[in-house]
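Student: Here it is: the structure, laid out below.
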Ligand SMILES: NC(=O)c1ccc[n+]([C@@H]2O[C@H](COP(=O)([O-])OP(=O)(O)OC[C@H]3O[C@@H](n4cnc5c(N)ncnc54)[C@H](OP(=O)(O)O)[C@@H]3O)[C@@H](O)[C@H]2O)c1
């Protein structure tokens, strides 16, 4: 590992891009050297390009305010020559994103992506660092396909499943057969605030386009295994979800029901959650929460307002574990959707890949 890595943010003016800036500007391993967005923003100072779209509580950091925004599509070779790797979160058509990310990888610039375009490419790992850090091995097969030495793409999963998959994962050893989850998702997940989406005040919208499909399919890739240079999806558990948009600024909650082949006791489950630690905790990565899963005994927890910022928004909160009449157990989970669920999760993935030597 080097002492410092130069990083670029592709989609720097967007909601996720802004979050990357606030998470990275004081990072112990990384220095932001490139900000890029569409041709509409290219050539402008970052402060002018982002303008009134800046939605973070913090001010724009002084180190990036005057940086001139580059053109994410037209300046690929130039950007690749100025960074060790890029984070990517852009609002473009899926096939355009797929092509853009591959172009960066082929320019020998690793891409850590928040976009969904490559989530189902079989040799692109979709990593939740505490759960499937071992999927990083597939990068070698991907590099062979792309014909690259160091360029590759690694993706972050959807934010909805970030709340419940971590709590189910340490219980997989009991043979999880069925999962039902209903998610209650914050408006920042749609890139919105109450100012930009006033219709969400005192409202609930029982539909988020494409979200239920992602919530049911993506966990099976995360729990999949590597075979012949591809990630093969897990066959179980069967998962069904309903995803609702609720009037909350940040924080996705999930009400979860689970059945097992070998039903554990409540005490065993709580012990598994308390003891669960993955590679980020073992490697002591800068954005790793010390305790990944926090279990609350109080009946009225976890609440968004008090729990979403736990461990810098990188922990997952769980509560209300009890027996169910139709499934074995039910419980409630919550995670910060733009921190652990988006930019923070991607930064932790980048830290994992850096510690494993993929960014050298
Ligand atoms: N769990 C997760 O990982 C997660 C969570 C939330 C969002 N996302 C994904 O992250 C991505 C960005 O979301 P967001 O909420 O940040 O969107 P956003 O606020 O709309 O920002 C979009 C960004 O894309 C840039 N852009 C648009 N068209 C472009 C083009 N043709 N070439 C280059 N850049 C272009 C924009 O630049 P201009 O300002 O110049 O237009 C802006 O920087 C989406 O794909 C979204 O699905 C993932």
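What follows is calculated from the coordinates using simple rules that are stated; it is not laboratory data. Computed from a predicted structure; not experimentally measured. All Cβ positions, glycine included, derive from the backbone under ideal geometry; neighbour counts span all protein chains shown.
Student: Below 8 Å between Cα atoms, with a sequence gap of 6+, how large is the relative contact order for the chain in percent?
Tutor: Once divided by the residue count of the chain, the mean separation gives 17 percent.
Student: What FRET efficiency comes out for residue 261 versus residue 52 if R0 is 41 angstrom and r is the Cβ-Cβ distance? Round to the nearest 0.05. Please report the intermediate quantities before stating the final value.
Tutor: Working: r = 54 Å, r/R0 = 1.31.
My answer for the efficiency is 0.15.
Student: Moving to a separate point now. From the Cα gyration tensor of region 206-360, with a ≥ b ≥ c the square roots of its eigenvalues, which class applies: rounded if a/c is under 1.5, or else prolate if a/b is larger than b/c, or else oblate?
Tutor: Taking the square roots of the gyration eigenvalues as a ≥ b ≥ c, region 206-360 is rounded.
Student: Would you calculate the separation in nanometres between label points at residue 144 and residue 230, each defined as 7 Å from the Cα along the Cα-to-beta-carbon direction?
Tutor: Going by the 7 Å Cα→Cβ label model, 1.4 nm.
Student: Between residue 45 and residue 3, what FRET efficiency comes out of the Förster formula 1/(1 + (r/R0)^6) with R0 = 41 Å and r the beta carbon distance, rounded to 0.05? Spell out each step's value before the answer.
Tutor: On the way: r = 29 Å, r/R0 = 0.70.
In this case the efficiency is close to 0.90.
Student: Sort 351, 309 by Cβ crowding within 10 Å, fewest neighbours at the top.
Tutor: 309, 351
Student: Rank-order 281-287, 341-347, 86-92, 114-120 by packing density, defined as the average count of other C-beta atoms within 10 Å over each peptide's residues, highest first. Don't skip to the end; give the middle numbers.
Tutor: Working: 281-287: 16.3, 341-347: 25.4, 86-92: 23.4, 114-120: 20.3.
Packing order, densest peptide first, comes out as 341-347, 86-92, 114-120, 281-287.
Student: Between 204, 35, 171, where does the largest GNM mean-square fluctuation fall for the chain, given springs only between Cα atoms within less than 10 Å?
Tutor: Result for the chain, Cα springs under 10 Å: 204 fluctuates most.
Student: In the Gaussian network model of the chain, springs joining C-alpha atoms below 10 Å, which of 57, 290, 65 carries the largest mean-square fluctuation?
Tutor: Highest fluctuation of the listed residues: 57.
Student: Rank-order 73-79, 330-336 by packing density, defined as the average count of other C-beta atoms within 10 Å over each peptide's residues, highest first.
Tutor: Values: 73-79: 16.3, 330-336: 24.7.
Ranking the peptides 73-79, 330-336 by packing returns 330-336, 73-79.
Student: How tilted is helix 15-24 with respect to the longest principal axis of the chain? Cα atoms for both, answer in degrees (0 to 90, nearest 10).
Tutor: Once rounded, the angle reads 80 degrees.
Student: Would you give the gap between the C-alpha center of region 137-195 and the C-alpha center of region 265-312, rounded to a whole Å?
Tutor: 18 Å
Student: Also, quick follow-up: Rounded, prolate or oblate: which fits region 89-171 when a ≥ b ≥ c are the square roots of the eigenvalues of the alpha-carbon gyration tensor, with rounded for a/c under 1.5 and prolate only if a/b beats b/c?
Tutor: oblate
Student: Quick one: 144, 214, fewest Cβ neighbours within 10 Å first, how do they rank?
Tutor: 144, 214
Student: Also, quick follow-up: If I take R0 = 45 Å and measure r between the Cβ atoms of residue 300 and residue 26 in this structure, what FRET efficiency does the formula 1/(1 + (r/R0)^6) give, to the nearest 0.05?
Tutor: 0.80
Student: Which shape class applies to region 102-219: rounded if a/c is under 1.5, otherwise prolate when a/b exceeds b/c and oblate if not, where a ≥ b ≥ c are the square roots of the Cα gyration tensor eigenvalues? Mind dumping the intermediate values first?
Tutor: Details: a/c = 2.94, a/b = 1.42, b/c = 2.06.
Judged from the Cα gyration tensor, region 102-219 comes out oblate (a/c at least 1.5, b/c at or above a/b).
Student: With a 10 Å cut-off between alpha carbons and a GNM built on the chain, which of 123, 328, 84 moves the most?
Tutor: 328
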